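Encoded as structure tokens, the structure appears first; notes follow it.
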Amino acid sequence: QVQLVESGGGLVQAGGSLRLSCAASGRTFSIYAMGWFRQAPGKEREFVAAIRWSGTSTLYSDSVKGRFTNSRDNAKNTVYLQMNNLKPEDTAVYFCAASRGIILSVNRAAYDYWGQGTQVTVSS
């Protein structure tokens with residue numbers, strides 16, 4: 001099993017920045033990639049970004065490309081999502097997820113473990 005704990009959400013004005021963290025514990029050797037998803041009220045959970053556990057590859061949705069950056073700290077078993085130039089439409093609960101698969105995926109079904117989520121609210 002892998003346990004994931006997110007932190008770093010909060011309330012920010014449009015144009016501001018936040019950094020989300022996701023700390024992994026347990027059988028982290030089984031992780032191939034970490035993903036970030038978000039879910040706004042009344043909407044489907046959507047892909048935001050993903051990074052290989054090795055940190056060598058990243059993937060972003062078009063809606064956040066150029067504004068969000070995924071990174072990881074090997075020593076801390078933690079991945080980060082730096083979110084800059086936030087917009088009101090970025091408001092959602094953000095979830096991190098871990099995949100044991102062999103490719104970076106935008107598909108929720110490819111992820112085996114999920115964190116509890118952290119709220120990000122961007123005011124206009």
How much length is gained if the chain between residue 62 and residue 108 is pulled fully straight, taking 0.36 nm per residue apart and subtracting their Cα-Cα distance, in nm to one decimal?
14.9 nm
Would you pull out the residues with amide H under 5 Å of residue 48's amide H, same chain only if 5 or more places away, H placed 1.01 Å from N?
36, 37, 38
When all Cα-Cα pair distances of the chain are considered, the percent exceeding 18 Å is 45
What number, in nm² with one decimal, is the all-direction average of the projected area of the convex hull of the alpha-carbon atoms of segment 66-124?
5.1
Potential extension, residue 87-residue 69 segment - 0.36 nm per residue separation minus Cα distance:
5.0 nm
State the answer as a single residue: which of 39, 15, 60 lies farthest towards the positive end of the charge dipole of segment 1-117, with beta carbon charges of +1 for Lys and Arg and -1 for Asp and Glu, about the Cα centre.
60
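If r is the Cβ-Cβ distance from residue 100 to residue 44 and R0 is 22 Å, what FRET efficiency results, to the nearest 0.05?
0.40
Bear in mind these aren't lab numbers, they're just calculated from the coordinates by the rules spelled out. What you see is a predicted model; the values in this text were computed from it and never measured. Heads up, the Cβs are rebuilt from the backbone with ideal geometry, glycines too, and the neighbour counts pull from every protein chain shown.
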